[in-house]
Amino acid sequence: MANRNRPCVRRARPRRRPPALGLALFLLAIAAPAQGDEPLTRLPAPPEPVLEYGARLFVRDTLSRIAAAGGDVWRHERSLDQARVFTRFERGIVRLAVEVELSGDDAELKDTAIQLAPNRYVELEAGRFKAPMSMLWLESKWRLPPTERGILSELRQDDRALPFGGLRGDGIRLELRPRVALDPRLTAAVVQNPASSAPAPLDPADDVTQDAFARLEVEPTSFLRAAASFALFGTTRQAGDIASYQHVPLGGLEARLATRHLRLWLEGFVGTSFFYQADGSSSGAFVAARALVAPRLRTGGGIERLEPFAGASVLDPTGDVSGDRVAEIVAGASLAFRDDWRLQLDVAHRAAEGSAAPLADSTLIRLQLGARFAGTVGR
């Protein structure tokens, strides 16, 4: 029989945690990173900004002979051919570029644009840039054997450079670089036409106020690049008559060969003529071409390279008029010192076929000294 006088002992029940507290502890346990691991919410560090800056300067002495009715005229001129400062800023996919050229008391914006490169296949640019036509034009002056690109880059029409010779404009450019055979680069650009802001401007409701460019460049081998380019160029078919404004088509084929010992450029352009004739009208088709060849001689003693060069340019403004063709041949040598200094001597002869040509016969002897400096911050 049980002893009724024995005290009754109750066992203590384990205390239950509230369900909400247990759930919270569980979530904290699985979310907490292991020792040495990075938190899941930490974002990658932003790329370091890179700033490039520099300037270049060309000083030139020119001795020129110009054919005149009373006989040849010789003239000597010393000039500051070009003084340019630039800066480029890059961070992530964004690049900013500003180039300013100083001449006398004036300053002119050159390539000034914003570039977006989300990956290595696509590049978008907006601002002021070179028209995507002609490898010689797209190449920097400092990287060319001679710093002059010839008469095709000096002629003007309506106070504007030729579309394949030296045209810059405000616009938008898209470049695609697919990783396929031949390493192609496809470029499309729309550039504002200066006629849109002329004293008697175009009517945007009726006229297209932009020039259009398309370009395909490929690399068949590691030392050869070739390109085909096309443009719709807005111009007045009659000088000074804005009502005659229309777009004319033109195209070009280009090639560049670059090896250790030789560089070569070949370019040809053809299209509907936009060059004015004696009566101020334009008609027919034009043909233009230029070539440049430069052996590269390696030297020592602080001289990076000695580069003799020879080139030729020709322009027939229209097939409807005879006696308007102009041509130029040039020869010289460039001496480069550590890529910071260069000395150039060249002789150029320009021949005009007749009185209707846009240039007169002339001979130029040029001695030019160039210097540049550049620096980088953040790389």
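A short reminder: the numbers here are calculations on the coordinates, not readings from a lab. Note that the coordinates shown come from a computational prediction; the quantities given were computed from them, not determined experimentally. All Cβ positions, even for glycine, are placed from backbone atoms using ideal geometry, and neighbour counts span all protein chains on display.
Check Lys110: other-chain or 5+ apart residues with amide H under 5 Å from its amide H, H built from backbone geometry?
The answer is Glu99, Val100, Glu101.
Starting from the Cα coordinates of region 56-377, work out the convex hull volume and express it per residue in Å³. Don't skip to the end; give the middle numbers.
Values: hull volume 51.4 nm³, N = 322.
Once divided by residue count, the hull of region 56-377 is 160 Å³.
State the dimensionless ratio Rg/Rh of region 267-379 (Rg: radius of gyration of Cα atoms; Rh: Kirkwood radius).
On the way: Rg = 19.3 Å, Rh = 16.8 Å.
Rounded to two decimals, Rg/Rh equals 1.15.
For Thr363, Thr235, which order do you get if you count the other beta carbons within 10 Å of each Cβ and list the fewest first? Present the calculation step by step, with values, prior to reporting the outcome.
Values: Thr363 16, Thr235 24.
Fewest-to-most ranking of Thr363, Thr235: Thr363, Thr235.
Normalised by the number of residues in region 98-239, what is the relative contact order in percent for Cα pairs under 8 Å and 6+ residues apart? Present the calculation step by step, with values, prior to reporting the outcome.
On the way: 254 pairs, mean separation 25.2, N = 142.
About 18 percent, as a whole number.
When the expected Rg is taken as 2.2 N^0.38 Å, what fraction or multiple of it is the alpha-carbon Rg of region 144-270?
That works out to 1.23 for region 144-270.
Between Gln246 and Leu138, how high is the FRET efficiency from 1/(1 + (r/R0)^6) when r is the Cβ-Cβ distance and R₀ = 30 Å? Nearest 0.05. Don't skip to the end; give the middle numbers.
Details: r = 27 Å, r/R0 = 0.89.
Efficiency at R0 = 30 Å is approximately 0.65.
Kindly rank 224-234, 334-344 from highest to lowest mean number of other beta carbons found within 10 Å of each residue. Could the numbers behind the result be given before it?
On the way: 224-234: 19.7, 334-344: 16.4.
Averaged packing, sorted descending, gives the order 224-234, 334-344.
Any chance you could run the full-extension gain for Ala126 through Gln192? It's 0.36 nm times the residue separation minus the Cα-Cα distance, nm to one decimal. The partial results should precede the final answer.
Numbers: separation 66, 0.36 × 66 = 23.76 nm, distance 1.16 nm.
This chain segment gains 22.6 nm when fully extended.
Give me the distance between the Cα centres of region 79-99 and region 183-254, rounded to whole Å.
Answer, in whole Å: 25.
Measure off 7 Å from each Cα along the Cα-to-Cβ vector at Trp341 and Asp183, then give the distance between these two points in nanometres to one decimal.
Result for the modelled spin labels: 3.4 nm.
Can you give the local net charge around Ala113? Use residues other than it whose beta-carbon is closer than 12 angstrom to its beta-carbon, Lys and Arg +1, Asp and Glu -1.
Working: positive: Arg88, Arg95, Lys110, Arg128, Lys130, Arg168, Arg173; negative: Glu99, Asp111, Glu123, Glu125, Asp170.
Once positives and negatives cancel, what remains is +2.
Kindly write out, for region 166-182 in residue order, the coupling ³J(HN,Hα) from the Karplus curve 6.51 cos²θ - 1.76 cosθ + 1.60 (θ = phi - 60°), rounded to whole Hz, with x marking Gly and Pro.
x, 7, 10, x, 8, x, 10, 10, 10, 10, 10, 10, x, 8, 10, 4, 6
Over all directions, how big on average is the projection of the convex hull of the alpha-carbon atoms in region 216-317, in square nanometres?
Over all viewing directions, region 216-317 projects a mean Cα-hull area of 9.0 nm².
When the Karplus curve 6.51 cos²θ - 1.76 cosθ + 1.60 is applied with θ = phi - 60°, which whole-Hz ³J(HN,Hα) does each residue of region 113-120 get, with x for Gly and Pro?
7, 10, 10, 10, 10, x, 7, 7
Compute the length gained on full extension between Ala107 and Ala285: take 0.36 nm times their separation in residues and subtract their Cα-Cα distance, giving the result in nm to one decimal.
Numbers: separation 178, 0.36 × 178 = 64.08 nm, distance 3.64 nm.
Gain in length upon complete extension: 60.4 nm.
Can you tell me how much longer the chain between Phe223 and Ile114 gets when fully stretched, taken as 0.36 nm per residue apart minus their C-alpha distance, in nm with one decimal? Mind dumping the intermediate values first?
On the way: separation 109, 0.36 × 109 = 39.24 nm, distance 3.01 nm.
Stretched fully, the Phe223-Ile114 segment lengthens by 36.2 nm.
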